[in-house]
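The structure appears below as structure tokens.
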Amino acid sequence: MTEPPKATILVADDDTSMRRFIEVTLQQANYTVLAAEDGLDAMRIALENHIDAVVADAIMPNMSGYDLCRMLKGNPDKAGVPVIILSGLDPVNSDKPADHLADVFLTKGTDLKADLLSNLQKLLQPAEAA
């Protein structure tokens, strides 16, 4: 008997291979995954579905991960949804302001899989315990 999914995660990344890598990683960890190719599509999916967390690329067409995060945090129905921003840039070298409100900022690198799963587990712990 398989256990029910842990949570529903929205993944937004315009890089098809990176988005697929994250999808498979999360599915193997028993998360339900909704995927979007850009920030605008991610916002539509977020507003139309129940989501427990968002993993978004920092830089995407139509709406960046930073803008997606700000819009979700500004929406009373989605403000409590944790957001993880992924970037190829070190946050110290990023030209984006720190006011993007993300719960976690991860650099795409060799430990991305482990970093992503451990951060999601921490962010969702109260919700999963309920």
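The values are calculated or read from the model by the stated rules, or taken from the named source; none is laboratory data. Bear in mind that the values here come from a model prediction, so they are computed numbers and not experimental data. Please note: Cβ atoms are built from the backbone with ideal geometry, for glycine as well, and neighbour counts cover all protein chains shown.
Among the residues of segment 97-130, those identified as surrounded by fewer than 16 Cβ atoms within 10 Å (Cβ to Cβ), at pLDDT below 90 and either on the phi < 0 side of the Ramachandran plot or of a type in the set (Lys, Arg) (or both) are 97, 98, 99, 109, 110, 111, 125, 126, 127, 128, 129, 130.
Regarding segment 86-96, can at least one residue be identified that is surrounded by 21 or more Cβ atoms within 10 Å (Cβ to Cβ) and at pLDDT 95 or above? No, the conditions are met nowhere in segment 86-96. Pairs under 7 Å by beta carbon, first residue exposed (fewer than 10 other Cβ atoms within 10 Å of the Cβ) in segment 1-19, partner at pLDDT below 95, six or more apart or different chains? What qualifies is 3/30. Of the residues making up segment 19-39, those that are within 24 Å of residue 88 (Cα to Cα) and assigned to a strand (DSSP E or B) number 4. I need the full set of residues from segment 25-45 which are surrounded by 21 or more Cβ atoms within 10 Å (Cβ to Cβ) and hydrophobic (A, V, I, L, M, F, W, C), in order please. Hits for segment 25-45 are 26, 36, 42, 43. Exactly one residue out of 56, 42 is over 20 Å from residue 121 (Cα atoms) and either part of a helix (DSSP H, G or I) or in contact with a strand residue (DSSP E or B) (Cβ under 8 Å, 6 or more places away or on another chain) (or both): that is 42.
Candidates 65, 74, 39: the one that is within 12 Å of the chain's Cα centre (by Cα), at pLDDT below 95 and either over 18 Å from residue 107 (Cα atoms) or among the charged types (D, E, K, R) (or both) is 39.
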